[in-house]
Amino acid sequence: MLGLYRLINDNPVLVNGLLALRGRDTALLADALRNTTDAGALHSRLAAAQLAATQHLLADDNANHLGQGRSADQHHPNAVADAEAAFTLLRNGLRKL
């Protein structure tokens, strides 16, 4: 998995494809939020962008740690703590920064 991550990030064409895929995922999430909640189009897009960006940043951070030689087992407690902190920020807003 780490090899694939490196391959993608070392190739500009693949990076562009990844960014396009992430944009599509965000748009699909926004549509799902709009169709299943009372949120309007703007709020659905804002929420989807925040959720997707958080997930992508956490995934990138995990891959970077693995790329530095840490095992998944070693990084797992930190990854869980980081995810909990990140989604707490989303849930509660940025007041605590």
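The GNM of the chain, with springs linking C-alpha atoms under 10 angstrom apart, assigns the highest mean-square fluctuation among Asp82, Asp25, Asp73 to Asp73. Coupling constants for the range 37-42 follow from the phi torsions by the Karplus curve (6.51 cos²θ - 1.76 cosθ + 1.60, θ = phi - 60°), and in residue order they are 10, 8, 5, x, 4, 5 Hz; glycine and proline get x. Derived scalar couplings between HN and Hα for the range 79-91 equal 5, 5, 4, 4, 5, 4, 5, 5, 6, 5, 4, 5, 5 Hz in order, rounded to whole Hz, by the Karplus curve 6.51 cos²θ - 1.76 cosθ + 1.60 (θ = phi - 60°), x for Gly and Pro.
Given the convex hull of the Cα atoms of the chain, what is a quarter of its surface area in nm²?
On the way: hull surface 30.6 nm².
Dividing the Cα hull surface by four gives the mean projection, 7.6 nm².
With charges set only on the Cβ (+1 for Lys and Arg, -1 for Asp and Glu), what does the dipole of the chain come to about its Cα centre, in debye to the nearest 20?
Details: 9 positive and 9 negative charges, 51 e Å.
Charge dipole, the chain, about its Cα centre: 240 debye, nearest 20.
Ordering His76, His56 by accessible surface, largest first, gives His76, His56; the 1.4 Å probe counts only protein heavy atoms, with every chain in place. Ranking His65, His76, Val13 by how far each Cα lies toward the positive end of the dipole of the chain (charges on Cβ) leaves Val13 at the top.
If the chain between His43 and Ala59 were fully stretched, how many nm would it gain, using 0.36 nm times the residue separation less the Cα-Cα distance?
3.3 nm
Backbone phi angles across the range 7-18, fed through the Karplus curve with coefficients 6.51, -1.76 and 1.60 (θ = phi - 60°), yield HN-Hα couplings of 4, 5, 6, 8, 10, x, 5, 5, 4, 4, x, 4 Hz in residue order; Gly and Pro are listed as x. A helix-only calculation puts the chain at -29000 deg cm²/dmol for mean residue ellipticity at 222 nm, using -39500 (n - 2.57) for each DSSP H run of at least four residues, averaged over all residues.
The values are calculated or read from the model by the stated rules, or taken from the named source; none is laboratory data. Values in this document were obtained by computation on a predicted structure and should not be read as measured data. Counting neighbours? That spans all protein chains shown, and the Cβs are built from the backbone with ideal geometry, glycine included. Note: areas computed on protein heavy atoms with side chains; ligands, DNA, RNA excluded. Shrake-Rupley method; radii C 1.70, N 1.55, O 1.52, S 1.80 Å.
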